[in-house]
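Novice: Pasting a structure below so you can have a look.
Read-outs: derived from the displayed coordinates by stated rules, not from any lab. Every value quoted in this text rests on a predicted model; they were computed, and no experiment measured them. All Cβ positions, glycine included, derive from the backbone under ideal geometry; neighbour counts span all protein chains shown.
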Amino acid sequence: MAVLATLLLTGGGRYVARLHLSVLDELPHLITRLLTAVAAVSTIILWLHQKAEVLTFLETACQAVALVVVGRVITTRALAIGRRRGIAQHQTLVIGGGPLAAELARILAEHREYGIKLKGFVDNGRSCPAEEYLPRLGELADLDMVVATSGAEILLVADGSFEEHALMDAVRTRACQHTELLVVPRMHHFHTLTGMADHIGSIPIMRIRNPNLRGPARLIKRAFDIAVAATALIVLSPVLAIAALAVRLEGGPGIIFRQVRVGRDGKHFELLKFRSMRPANEQESQTQWSVAADNRVGPVGRFLRCTSIDELPQLWNILRGDMTVVGPRPERPHFVEQFSTQFDRYAHRHRVQVGLTGFAQVSGLRGDTSIADRARYDNFYIENWSLWLDITIIFRTFREVLFYRER
């Protein structure tokens, strides 16, 4: 029960104290999750036919629930005292210097119990109301330098004179990767349905999760990749052998087609596929966009492409560490350079390893489809990555291949 309750209360992640401290606000969240843990463990006890132990467990569990609530009261009170005395203060930069930023600065100066110490703000506007309360530390383009010099732990996005896409690029740089991102919703006068809503005064605040690009999350994903790829290679070995034989009989020597693709952080690697046709030369291989209707593709090659069997050798790319099971699909250097200048945030896809399948592909964006849409879907996947999301994409990939491929 202790383990299950902890997972439910934290969402499987680290515990983050709210800005607005109130046990009464948290009570529904606490009680419902603790009772869920009690119900789950009670069900397991009954399933094990230990009916005599249920009453004993329920009595202990009720005491535990009460103690958790009492403990939360004590820790909340201790945290509030620590914030007021400056022990638990977080260095914070405000992005934007508009009227809303000025209002936040005024509230936080009067109420230290929020635990936020504002260092200043960055904005591109000439005249900013926030200057009445905070020093201007630069423009949005200076954010990396300001974060490094100020030691900021939190970025608080308010209102200001900057474009949305410029803001998105600014807060996702390497220098800002380890800062916590708090955002005031654009329609902040309305109630937001975002789980346990937080707020500063009467202004709602949303916590934006940083993408899990490095650290423990990457190790978990790598272990998952090795397990899936190794299992798939063993299970699908007869399919691989038959496909290799068919390619050899149709086109002669050269079963595996190798092509340079762009991977994580722009690094090049050699992608493996079953050969479905022979390009005229290396230049055509690297620069011709689509060959789906090429008359050089024989019946075997057409079948391999239709069923995605031609992609299976990339399981070896996964084991080598060039690729991952789920991620943005890799592209050739020629097109990466071209698309990075044409489509917004296309280059941001390379923050993570490229994949055998991806969120864009299972959402209908495969073949000759919109590159801009693919970039949006790939970046959505990166921002929202979880192991469960990878699992759902794998299941959707099987469904696409088996049932929807001909649509």
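Novice: For the chain, set up a GNM with springs between Cα atoms under 10 Å and report which of His350, His165, His90 has the largest fluctuation.
Specialist: Largest GNM mean-square fluctuation: His165.
Novice: Over the chain, what is the relative contact order in whole percent, taking alpha-carbon pairs under 8 Å and six or more residues apart?
Specialist: Numbers: 553 pairs, mean separation 41.5, N = 407.
Across the chain, relative contact order equals 10 percent.
Novice: For every other residue with a beta carbon closer than 12 angstrom to the beta carbon of Arg77, add +1 if it is Lys or Arg and -1 if Asp or Glu, then tell me the sum. Please list the in-between numbers first.
Specialist: Working: positive: Arg72, Arg83, Arg84; negative: Glu113.
After counting each charged neighbour, the total is +2.
Novice: Something else: What residues qualify as long-range amide H neighbours of Ile200, i.e. H under 5 Å apart, gap of 5 or more or another chain, H built at 1.01 Å from N?
Specialist: Amide H neighbours of Ile200, under 5 Å, 5+ apart: Ile205.
Novice: OK, next. What GluC sites (Glu not before Pro) does region 113-171 have in DSSP loop regions with at most 12 other beta carbons within 10 Å? Could you put the intermediate results ahead of the total?
Specialist: Working: sites: Glu113, Glu131, Glu132, Glu139, Glu153, Glu163, Glu164; in loops: Glu139, Glu153, Glu163.
Those that pass, being in a loop and sparsely packed, are Glu163.
Novice: Still on this structure: Using Cα atoms only, what is the angle between the long axis of helix 216-235 and the major principal axis of the chain, expressed in degrees (0 to 90) to the nearest 10?
Specialist: The answer is roughly 30 degrees.
Novice: Could you run the Karplus curve 6.51 cos²θ - 1.76 cosθ + 1.60 with θ = phi - 60° over region 63-78 and give me ³J(HN,Hα) per residue in whole Hz, x for Gly and Pro?
Specialist: Taking θ as phi minus 60°, the curve returns 5, 5, 4, 4, 5, 4, 5, 4, x, 5, 4, 5, 5, 5, 5, 5 Hz for region 63-78.
Novice: If you take every residue apart from Arg186 with its C-beta less than 13 Å away from the C-beta of Arg186, what net charge results, scoring Lys and Arg +1 and Asp and Glu -1?
Specialist: On the way: positive: none; negative: Asp159, Glu164.
Spelling it out: positives minus negatives among the neighbours equals -2.
Novice: Report the residue, chosen from Met323, Met187, Met145, that carries the largest GNM mean-square fluctuation when the chain is represented by alpha-carbon nodes joined by springs under 10 Å.
Specialist: Taking springs between Cα atoms under 10 Å, the residue moving most is Met187.
Novice: Mean residue ellipticity at 222 nm from the helices of the chain, using -39,500 (n - 2.57) per DSSP H segment of n ≥ 4 over the full residue count, to the nearest 500 deg cm²/dmol? Can you show the working numbers first?
Specialist: On the way: 15 runs with 192 residues, N = 407.
Mean residue ellipticity, 222 nm, calculated: -15000 deg cm²/dmol.
Novice: A further question follows. Tell me which trypsin sites (Lys or Arg not before Pro) from region 206-237 have a DSSP coil assignment and no more than 14 other beta carbons within 10 Å of their own.
Specialist: Details: sites: Arg207, Arg209, Arg214, Arg218, Lys221, Arg222; in loops: Arg209, Arg214.
Passing both the DSSP loop test and the Cβ count: Arg209, Arg214.
Novice: Next up: Could you go through region 105-120 in sequence order and give the Karplus-derived ³J(HN,Hα) for each residue, using 6.51 cos²θ - 1.76 cosθ + 1.60 with θ = phi - 60°, rounded to whole Hz, and x for Gly and Pro?
Specialist: Each residue's phi maps through the Karplus curve to give 4, 5, 5, 5, 5, 8, 10, 6, 5, 7, x, 10, 10, 7, 8, x Hz.
Novice: OK, next. Return the long-range amide H neighbours of His90 (sequence gap of 5 or more, or a different chain), with a cut-off of under 5 Å between placed amide H atoms.
Specialist: Ile116, Lys117
Novice: Let me ask something else about it. Which of Thr397, Thr75, Thr56 ends up with the largest GNM mean-square fluctuation for the chain, with Cα atoms connected below 10 Å?
Specialist: In this elastic network of the chain, the residue with the biggest mean-square fluctuation among Thr397, Thr75, Thr56 is Thr56.
Novice: Post the alpha-carbon centroid distance, region 10-69 to region 75-151, in whole angstrom.
Specialist: Here the answer is 37 Å between Cα centres.
Novice: If you take the square roots of the eigenvalues of the alpha-carbon gyration tensor of the chain and sort them as a ≥ b ≥ c, do you get rounded (a/c under 1.5), prolate (a/b over b/c) or oblate?
Specialist: Oblate.
Novice: What percent antiparallel are the DSSP beta bridges of the chain, to the nearest 5?
Specialist: Values: 14 of 32 bridges.
In the chain, approximately 45 percent of DSSP beta bridges are antiparallel ones.
Novice: Just to confirm the filter: which chymotrypsin sites (Phe, Trp or Tyr not before Pro) across region 187-257 are DSSP coil and have at most 15 other Cβ within 10 angstrom of their Cβ? Show your work: numbers first, answer last.
Specialist: Values: sites: Phe190, Phe224, Phe257; in loops: Phe190.
Passing sites in region 187-257 are Phe190.
Novice: Considering Cα pairs under 8 angstrom that are at least six residues apart, work out the relative contact order of region 216-404 and quote it in whole percent. Mind showing how you got there, number by number?
Specialist: Working: 243 pairs, mean separation 40.1, N = 189.
Here the relative contact order equals 21 percent.
Novice: Something else now. With Cβ to Cβ distances under 12 Å as the rule, what net charge do the other residues near Asp123 carry (K, R +1; D, E -1)?
Specialist: Values: positive: Arg126, Arg136; negative: Glu131, Glu139, Asp142, Asp159.
Neighbourhood net charge equals -2.
Novice: HN-Hα J couplings of region 160-168 from phi, Karplus 6.51/-1.76/1.60, θ = phi - 60°, integer Hz, Gly and Pro as x?
Specialist: x, 9, 7, 7, 4, 5, 5, 5, 4
Novice: For the chain, what is the charge dipole size about the Cα centre, in debye to the nearest 20, if Lys and Arg each add +1 at the Cβ and Asp and Glu each add -1 at the Cβ? Don't skip to the end; give the middle numbers.
Specialist: Numbers: 48 positive and 40 negative charges, 192 e Å.
Using Cβ point charges on Lys, Arg, Asp and Glu, the chain gives about 920 debye.
Novice: Within 10 Å of each residue's Cβ, count the other Cβ atoms and sort Thr324, Thr10 from fewest upward.
Specialist: Numbers: Thr324 26, Thr10 12.
By the 10 Å Cβ count, ascending: Thr10, Thr324.
Novice: Long-range amide H contacts for Asp159: which residues qualify at under 5 Å (H placed 1.01 Å from N, peptide plane, sequence gap of 5 or more or a different chain)?
Specialist: Those lying under 5 Å, H to H, from Asp159 are Gly98, Leu100, Ala101.
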